[in-house]
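J.: Quick one: the structure is below, questions incoming.
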Amino acid sequence: MQKNLFLGVEAIGQGAIDGGISGVYAYPGTPSTEITEFIQANELALQKGIRSKWSANEKTAYEAALGMSYAGKRSMVCMKHVGLNVAADAFINSAITGINGGLIVTVADDPSMHSSQNEQDSRFYGKFAMIPILEPSNQQEAYDMVREGFELSEKLEVPVMVRITTRLAHSRAGVIRSEVLPEKEVVLPADPSQFVLLPAIARRRYKGLLEKQELFEKTAKKSKYNEYIKGEDKSFGIIACGIAYNYLKENYPKDDCLYTVLKLSQYPVPQKYLDKMAKHCEEVLVLEEGYPVVEEHIKAAFKKDIQVSGRLSGALPRDGELNADLVAKALGKETQLGADVPELVVNRPPALCQGCGHQDMYKALNQALDKYTKGRVFSDIGCYTLGALPPYKSIYSCVDMGASVTMAKGAADAGLIPSVAVIGDSTFTHSGITGLLDAVNDEANIVVVISDNESVSMTGGQESSALGKIESICTGVGVDPNHIRVLTPLKKYHDMMVQTFEEEIAYDGVSVIVFRRECIQAAAKRLRKEKKMKDNPNK
Amino acid sequence: MKTDIILAGVGGQGILSIASIIGDAAINENLFLKQAETHGMSQRGGAVQSHLRISDCEIAADLIPLGKADLILSVEPMEALRYLPFLSPEGYVVTNTTPFINIPNYPDVEAVLAEIEKQPRFVAIDADKIAAEIGNKRASNVVMLGAATPFLNIEPEKIEAGIAHIFSRKGEAVVEMNRKAFKAGLDFAMANK
Ligand SMILES: Cc1ncc(C[n+]2csc(CCOP(=O)(O)OP(=O)(O)O)c2C)c(N)n1
Ligand code: SF4
């Protein structure tokens, strides 16, 4: 059997192709981006015509995936954890409508916030929506769970969540593939009212979802991904969720763990296993990546007084990613430590690339705002967020995608004038357009900078939904065309850029200044691709 | 047999290409492998690391525990020092001595190299200089790969074959140049370890 060296995200992409999807829907977001990129570049997926282009945001992606499921075909939607906040309305309600073709929601959490604003735990959302969650402990399980997950979704008639974290997403290991399952045909749902969440129907559907909980739990009890391993020492039990199971195993390289272990990779938590544990364990330690979801759950679910420890009790840190050393400490094992980091080692934070257009934009903005007090620039999420760091120190907010425009408007409403928003092209079409409409309707006095590098750069240079559309969107939303200015952010235009800022700051209304120059990394990638095409036209 | 390697460098320096050559050789040898990479924000010129674990039996965690790494392979000297807490007391540091200075407060380079020389087992090699002498500055990562090879528990021929395979698309001259770079790194490490 041939092993493929797959990243966790690639294993998921391959699992979805082999599981018979007809479409994947996604908006980029670390650490989930490469799932969709894998499918976009995969020969078999191209041959089969699996739909895989980027969506404008996670909500549009989710709804389109649900639409494909409605039509009877299997689909997957992928996002980073905060993306599920954007798609939450569709997500929660899709548990109530249920599905037709199998639907998998793959969400990638980022404990320790390697590339994110928070470390929220998507299992909370899964529990909130009351759907089954699969949490692979390794790359092979990630592949298998996704490949088989569509059938599980069809059997249980709800979307199924696959929850991974950065570590699994971006770690490679050997994966063995199974046979490719066929795609489904278009078949409409048997119940034509299923997807109509009018109160009377929604009440019926919701009751149905509640009734199904027992089945979900039974299915988790039978799942091959959950395993109850009886130990010699029955007084102490360990519940190891998802990838945390590996950190436990790392601490017992000779397989010599004497305690009772529940390997948990499919939720809801099977009560039968908890009852079994409660029979003889006096203490149970929970190892889980993210929030203390299982720890809180079992505290209530154990019917007798059992000491529960984990992230809440302080046995493990409340925040940040787990590792084998933290788990060793929680088990009371000795850990080793290498030499200290010498004092002269300094941090090396990420920075804008030399020659990046965002740099020229910030230099002009800083000069134009020099005569005002600081704290007037609201920004957003993208490479340009690095403008918060020296030497620019230009921006004062980065909260969620699209918040720059709306926060600048709120601050202007409060009387902070001038008030400026800085947003990227992709973030603008993700969530900035509706905020701009609010600003126009309210005649807000703000300057919106769209720093358009014609690519989704922070996540590696994906194609931007905004490409070639920004001015017409702004005009369509109602911005006065005289106050939509387009400039090229280059050193030689610095004075013109400063002057344009000054003119638009002086205008009492909504101004949009578009700074357009291709991201240099994206340009290099494009040129490499063009060269490859030229050298090898048949490929 | 188990080899735990921390690869270190700066986003954009290409440590993942080194990892993938070692990884392919390991898989061809039917060994187990896990390799955790840094993607995302840090790739914009920040500190990046990759944990590469190779073994003849199954590997549990994607991350190497503290104090357990057999090798720190760094393409930049200060980055080699950043991961010392991971190095086992018997482990080796193999590092390029050419600094990558993209921050205003980069420490004194001599002081950085002095810290490296304090390590009980190390190979400090000016891979950029050697690569330039061979005729392609971009081959410095292949020089580093050569310098790390004595510590990988994989035969040098297997790694060299991997290099030839990866560069084969670019023609015989490029393959030959990278072979030379690999050999230069390997010879240096054998003479200086
Ligand atoms: C809701 C949500 N989805 C996705 C992301 C991941 N993400 C962060 S920045 C970014 C790209 C932004 O692109 P753009 O606004 O064009 O800026 P650029 O990076 O190109 O400068 C993405 C997709 C996120 N932080 N939040
Ligand atoms: S990747 Fe592109 S947008 Fe991001 S900092 Fe580099 S040049 Fe600028």
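Every number here is computed from the coordinates shown, using simple stated rules; none is lab data. Computed from a predicted structure; not experimentally measured. Cβ sites come from the backbone with ideal geometry, for glycine too, and all protein chains shown count toward neighbours.
J.: Any idea what log10 I(q)/I(0) is at q = 0.14, 0.25, 0.26, 0.31 Å⁻¹ for the range A:380-419, Debye with uniform C-alpha scatterers and no solvent?
T.: The calculated log intensity ratios at q = 0.14, 0.25, 0.26, 0.31 Å⁻¹ are -0.33, -0.85, -0.89, -1.01.
J.: Suppose R0 equals 25 Å; then what is the FRET efficiency for A:Lys279 and A:Lys224 from their Cβ-Cβ distance, rounded to the nearest 0.05? Before the final figure, lay out each step's value.
T.: Numbers: r = 23 Å, r/R0 = 0.94.
Using R0 = 25 Å, I get an efficiency of 0.60.
J.: Using R₀ = 22 Å, calculate the FRET efficiency as 1/(1 + (r/R₀)^6) where r is the Cβ-Cβ separation of B:Ala132 and B:Glu176; round to 0.05. Working shown, then result.
T.: Values: r = 17 Å, r/R0 = 0.76.
So the FRET efficiency works out to roughly 0.85.
J.: Hey, got a sec? Which GluC sites (Glu not before Pro) in the range A:1-79 land in a DSSP loop and have at most 10 other Cβ atoms within 10 Å? Don't skip to the end; give the middle numbers.
T.: Working: sites: A:Glu10, A:Glu34, A:Glu37, A:Glu43, A:Glu58, A:Glu63; in loops: none.
Qualifying residues, ordered by number: none.
J.: To two decimal places, what compactness ratio does the protein assembly as shown give when its Cα radius of gyration is scaled by 2.2 N^0.38 Å?
T.: 1.00
J.: Using only Cα atoms, tell me the angle between helix A:494-506 and the longest principal axis of chain A; keep it within 0 to 90° and round to the nearest 10.
T.: Roughly 90 degrees, rounded to the nearest 10.
J.: In Å, the Kirkwood hydrodynamic radius of the range A:318-395 over pairs of distinct alpha carbons?
T.: In the range A:318-395 this quantity evaluates to 16.6 Å.
J.: May I pose another question? Distance from the Cα centre of the range B:61-91 to that of the range A:189-258, in angstrom?
T.: 37
J.: What percent do you get for the relative contact order of chain B when only Cα pairs under 8 Å and 6+ apart count?
T.: On the way: 377 pairs, mean separation 38.4, N = 193.
Computed over chain B, the figure is 20 percent.
J.: Run lengths n ≥ 4 of DSSP H only: what is the helix-derived mean residue ellipticity at 222 nm for chain A, with -39500 (n - 2.57) per run over all residues, to the nearest 500?
T.: -11500 deg cm²/dmol
J.: Dividing the alpha-carbon radius of gyration of chain B by 2.2 N^0.38 Å (N being the number of residues), what value is obtained?
T.: 0.96
J.: Separate question: What spacing in nm lies between the two simple spin-label points modelled at A:Glu296 and B:Arg169, each 7 Å away from Cα in the Cβ direction?
T.: Spacing of the two 7 Å Cα→Cβ label points: 4.8 nm.
J.: What average number of partner chain Cβ atoms lie no more than 10 Å from the Cβ of the residues making up A:332-339?
T.: Details: counts 0, 0, 0, 4, 8, 8, 13, 13.
That average works out to 6.
J.: Sequence gap at least 6, Cα distance under 8 Å: using those rules, report the relative contact order of chain A to the nearest whole percent.
T.: Once divided by the residue count of chain A, the mean separation gives 11 percent.
J.: For the range B:1-94, what does the alpha-carbon gyration tensor say about shape, rounded, prolate or oblate, given a ≥ b ≥ c as the root eigenvalues, a/c under 1.5 as rounded, and a/b over b/c as prolate?
T.: Values: a/c = 1.87, a/b = 1.30, b/c = 1.44.
Oblate, because a/c is 1.5 or more while a/b does not exceed b/c.
J.: Using only the Cα atoms of the range A:143-222, construct the convex hull and provide its projected area averaged over every direction, in square nanometres to one decimal.
T.: Averaged projected hull area, Cα only: 8.0 nm².
J.: Using a simple charge model, +1 on the beta-carbon of Lys and Arg, -1 on the beta-carbon of Asp and Glu, nothing else, what dipole does the range A:227-330 show about its Cα centre, in debye to the nearest 20?
T.: Magnitude of the dipole: close to 380 debye.
J.: How compact is the range A:227-330 by the rule of thumb for globular proteins, expressed as Cα Rg over 2.2 N^0.38 Å?
T.: Rounded to two decimals, the normalised Rg is 0.96.
J.: Moving on. Taking loop as defined by DSSP and a crowding limit of 11 other beta carbons within 10 Å, which trypsin sites (Lys or Arg not before Pro) in the range A:1-80 fit?
T.: For trypsin sites (Lys or Arg not before Pro) across the range A:1-80 that sit outside H, G, I, E and B with at most 11 neighbouring Cβ atoms in 10 Å, the list is empty.
J.: For helix A:199-222, report the angle its Cα long axis makes with the longest principal axis of the Cα atoms of chain A; keep it between 0 and 90° and round to the nearest 10°.
T.: 50
J.: Now for a different question. Can you grab the distance from the C-alpha centre of the range A:359-427 to the C-alpha centre of the range A:77-105, Å, no decimals?
T.: The range A:359-427 and the range A:77-105 have Cα centres spaced 32 Å from each other.
J.: Right, something else. Return a whole-number percent for the relative contact order of the range A:227-330, with Cα pairs under 8 Å and 6 or more residues apart as the contact set.
T.: 31
J.: Continuing with this model, one more query. log₁₀ I(q)/I(0) of the range B:54-159 at q = 0.14, 0.20, 0.25 Å⁻¹, via Debye over equal Cα point scatterers, no solvent, to two decimals?
T.: Taken in order of the listed q values, log10 I(q)/I(0) reads -0.61, -1.11, -1.39.
J.: As I understand it, the dipole of the range A:4-222 uses +1 on the Cβ of Lys and Arg and -1 on the Cβ of Asp and Glu, about the Cα centre. Which of A:Val24, A:His81, A:Val160 lies farthest toward its positive end?
T.: Farthest towards the positive end: A:Val160.
J.: Spin-label point model (7 Å from Cα, Cβ direction): what's the B:Glu90 to B:Asn192 distance in nm?
T.: Here the modelled spin labels are 2.5 nm apart.
J.: Then there's this: By the gyration tensor of its Cα atoms, with a ≥ b ≥ c the square roots of the eigenvalues, what is the shape of the range A:13-108: rounded for a/c under 1.5, prolate for a/b over b/c, or oblate?
T.: Judged from the Cα gyration tensor, the range A:13-108 comes out oblate (a/c at least 1.5, b/c at or above a/b).
J.: Hey, what number do you get for chain B at 222 nm if only DSSP H runs of n ≥ 4 count, each worth -39500 (n - 2.57), divided across all residues, to the nearest 500?
T.: Numbers: 7 runs with 79 residues, N = 193.
Counting only the DSSP helices, I get -12500 deg cm²/dmol.
J.: In whole Hz, what ³J(HN,Hα) sequence does the range B:154-164 give by Karplus (6.51, -1.76, 1.60; θ = phi - 60°), x for Gly and Pro?
T.: Coupling constants for the range B:154-164: 10, 4, x, 4, 5, 5, 4, 4, x, 5, 4 Hz.
J.: With both bridge residues required to lie in the range A:4-222, what share of the DSSP beta bridges run antiparallel, to the nearest 5%?
T.: 15
J.: Okay, moving on. Starting from the Cα of A:Lys304, move 7 Å in the Cα-to-Cβ direction to define the label point; list residues of the range A:218-238 whose amide nitrogen is under 16 Å from there.
T.: A:234-237, by backbone N distance to the label point.
J.: Report the rotationally averaged projected area of the range A:455-520 based on its alpha-carbon convex hull, in square nanometres.
T.: Numbers: hull surface 21.2 nm².
Mean shadow area of the hull around the Cα atoms is 5.3 nm².
J.: Please give the average number of partner chain Cβ atoms lying within 10 Å of the Cβ of each residue in A:169-177, rounded to a whole number.
T.: 6
J.: Name the shape class, rounded, prolate or oblate, that the alpha-carbon gyration tensor gives for the range A:357-523, where a ≥ b ≥ c are the square roots of its eigenvalues, rounded holds for a/c under 1.5, and otherwise prolate holds if a/b is larger than b/c and oblate otherwise.
T.: On the way: a/c = 1.33, a/b = 1.13, b/c = 1.18.
In terms of gyration-tensor shape, rounded.
J.: Along the range A:53-66, what does the Karplus equation 6.51 cos²θ - 1.76 cosθ + 1.60 (θ = phi - 60°) give for ³J(HN,Hα), rounded to whole Hz, x for Gly and Pro?
T.: 5, 5, 9, 6, 7, 6, 5, 5, 5, 4, 5, 5, 5, 5
J.: Taking each residue in B:64-72, count the Cβ atoms of any other chain within 10 Å of its Cβ, then average. What number comes out?
T.: Going residue by residue through B:64-72 and averaging, the value is 4.
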